[in-house]
Amino acid sequence: MDELLKVALVQTALVWEDPQANRLELERKLGALTSDVDLIVLPEMFTTGFTMNPQRIGKEEGPKTLHWMKTIARQKNVAITGSLVYFDNAVYTNRLFFVEPDGTTSVYDKRHTFTLAGEDKVYHSGNERLMVSYKGFTICPLICYDLRFPVWARNTEDYDVLLYVANWPEPRINAWDALLKARSIENMAYCIGVNRIGVDDSGHQYPGHSVVLDGLGQELAFSTTEEVVTATLSKKHIKEVRDKLKFLNDRDSFILEG
């Protein structure tokens with residue numbers, strides 16, 4: 001029997017630096033889901049927008065949001081993921097949580113902090129990738145600016161799904177579209193990109209373009225409006241693509257340092 005994974009991409013506007021308002025709005029949107037899903041994907045910094053002022057966010061908000069994610073996961077029997085401002089060990093991080101229905105929680109700290117916006121000055125970067133095994137699929141979740149660095153995303157573990165959560169602005173959206181497609185093709189994996197929509201407090205416009213691409217870069221779902229988009233991934237598809245084309249057998253070996 002083919003293993004399937006139904007994903008819901010939450011393409012939403014965000015209230016600037018207001019975790020409680022964003023949790024309430026997301027809860028409303030998720031409550032309107034009419035079909036069963038296995039994985040809910042939220043944007044980058046889904047409780048605040050892409051703020052470079054983490055000190056304005058109460059340090060208790062990170063744990064409160066993680067508790068909220070665990071509640072949603074348990075109540076809906078679904079995994080949920082997205083990144084948020086999180087204070088830990090005396091530093092702020094742009095931290096992604098992947099929370100499963102039983103409460104199992106995996107963590108990824110954004111490796112490539114966005115120097116153009118000064119993210120590197122206020123957030124501590126991570127140095128370890130995350131691989132999550134969920135419902136027969138191996139998933140590699142990354143964050144926004146990570147998309148520009150193919151070595152960091154290289155499929156050396158034979159993952160099935162590469163996932164990016166983002167606040168990717170309108171002026172560079174063509175790069176978002178092109179790089180997501182490239183990542184799916186070169187890694188022979190599903191590639192999911194979830195971007196926010198709307199305008200933030202700094203005046204940056206976000207056009208969405210959340211997308212699901214299959215292992216050959218073919219589009220399964222795409223949106224430019226504020227909505228929840230769903231798509232179903234098939235383990236059989238990944239196996240068939242890799243068995244037929246075998247391109248990953250010829251990938252270069254390397255050791256990632258730094």
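The values are calculated or read from the model by the stated rules, or taken from the named source; none is laboratory data. Because the structure is predicted, anything quoted here is derived from the model rather than measured. Positions of Cβ are generated from backbone atoms using ideal geometry, with glycine treated the same way; all protein chains shown enter the neighbour counts. Surface areas here come from the heavy atoms of the whole protein model, side chains and all, with no ligands, DNA or RNA. Shrake-Rupley method; radii C 1.70, N 1.55, O 1.52, S 1.80 Å.
Structure values in brief
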read-out: Restricting segment 127-165 to residues that are among the aliphatic types (A, V, I, L, M) and out of contact with any helix residue (DSSP H, G or I) (no Cβ under 8 Å at 6 or more places or on another chain), the residue that is most open to solvent (accessible area, probe 1.4 Å); value: Val151
read-out: Residue check for Asn89: under 20 Å from the mean Cα position of the chain (by Cα), at positive phi and open to solvent by 30 Å² or more (accessible area, probe 1.4 Å); value: no
read-out: Index of the failed condition, Glu61 passing every other in (1) of a type in the set (Asp, Glu); (2) free of Cβ contacts under 8 Å to residues at least 60 places away in the same chain; (3) under 30 Å from Lys236 (Cα atoms); value: (3)
read-out: Residue count for segment 216-258, restricted to those that are touching a residue at least 12 places away in the same chain (Cβ under 8 Å) and charged (D, E, K, R); value: 6
read-out: Asp36, sole failed condition from (1) over 22 Å from Gln20 (Cα atoms); (2) modelled with pLDDT of 95 or more; value: (2)
read-out: Unmet requirement for Arg242, which otherwise passes all of (1) under 20 Å from the mean Cα position of the chain (by Cα); (2) closer than 16 Å to Tyr159 by Cα; value: (1)
read-out: Set Val211, Val229: member being in contact with a Leu (Cβ under 9 Å, 6 or more places away or on another chain), of a type outside the set (Gly, Ala, Ser), in a strand (DSSP E or B) and under 19 Å from Glu25 (Cβ atoms); value: Val229
read-out: Residues of segment 107-121 satisfying the condition of being on the phi < 0 side of the Ramachandran plot and open to solvent by less than 50 Å² (accessible area, probe 1.4 Å); value: Tyr108, Asp109, Lys110, His112, Thr113, Phe114, Ala117, Glu119
read-out: Top-ranked residue in segment 1-37 [being closer than 25 Å to Val199 by Cα and of a type in the set (Lys, Arg); ranked as most open to solvent (accessible area, probe 1.4 Å)]; value: Arg28
read-out: Residue match in segment 86-95 (condition: of a type in the set (Asp, Glu) and free of Cβ contacts under 8 Å to residues at least 60 places away in the same chain); value: yes
read-out: Enumeration of residues in segment 1-40 that are closer than 27 Å to Asp214 by Cα, assigned to a loop (DSSP other than H, G, I, E, B) and under 18 Å from the mean Cα position of the chain (by Cα); value: Thr12, Ala13, Val37, Asp38
read-out: Restricting segment 41-69 to residues that are in contact with an Asp or Glu (Cβ under 9 Å, 6 or more places away or on another chain) and not polar (S, T, N, Q), the residue that is farthest from Ile192 (Cα to Cα); value: Arg56
read-out: Check on Ile185, at pLDDT 95 or above and open to solvent by less than 40 Å² (accessible area, probe 1.4 Å); value: no
read-out: Residues located in segment 214-224, provided they are part of a strand (DSSP E or B) and open to solvent by less than 20 Å² (accessible area, probe 1.4 Å); value: Ala221, Ser223
read-out: Failed condition for Lys70, given (1) of a type in the set (Lys, Arg); (2) surrounded by fewer than 23 Cβ atoms within 10 Å (Cβ to Cβ); (3) under 21 Å from Ala182 (Cβ atoms); value: (3)
read-out: Test for Thr104: is it open to solvent by 10 Å² or more (accessible area, probe 1.4 Å), touching a residue at least 60 places away in the same chain (Cβ under 8 Å) and closer than 27 Å to Lys236 by Cα; value: no
